[in-house]
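Every number in this text was worked out from the coordinates using simple rules, so none of it is lab data. These figures come from a predicted structure and were not determined experimentally. Here the Cβ positions follow ideal geometry from the backbone for every residue, glycine too, while neighbour counts run over all protein chains shown.
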Amino acid sequence: MLVRVIEILVGLMVVLSLVRSVVGFITKAYTGQSGTAPQRAGNSSRPQSSSASSSTSGGELKKDPVCGTFISTATAFQGYAGGQTYYFCSTECRDKFKA
Ligand SMILES: [Zn+2]
């Protein structure tokens, strides 16, 4: 009796893994055709760098015009006003500046 149960369980697992591999194959083929949209959203070379700044690593220290905090241009939030680029420590400061 116990052997039978094990046989059924093993059979179920085999079927499950089969279904899984088939589903994985189908989804792979599907996403392969559509070209993985979320990963190609940014620049193809560097998807992690948020906004275009030439010197990404390290960066330059800029003063937040709203709260006076110094932040690195690599991590700062950029804002444009009057043809100039401003750097902010947070989106809150940027919103305050624009308001
Ligand atoms: Zn700030």
Simple spin-label estimate for Lys63/Ser17, 7 Å along Cα→Cβ, in nm, reads 6.5 nm
Net lengthening on full extension, Lys28/Phe70 (0.36 nm per residue, minus Cα-Cα)
10.5 nm
Across region 4-11, in residue order, what do the Karplus-derived ³J(HN,Hα) couplings come to in whole Hz, using 6.51 cos²θ - 1.76 cosθ + 1.60 with θ = phi - 60° and x for Gly and Pro?
4, 4, 4, 4, 5, 4, 4, x
Two-site label geometry, Val10 and Thr91: point separation in nm, points 7 Å out along Cα→Cβ
5.5 nm
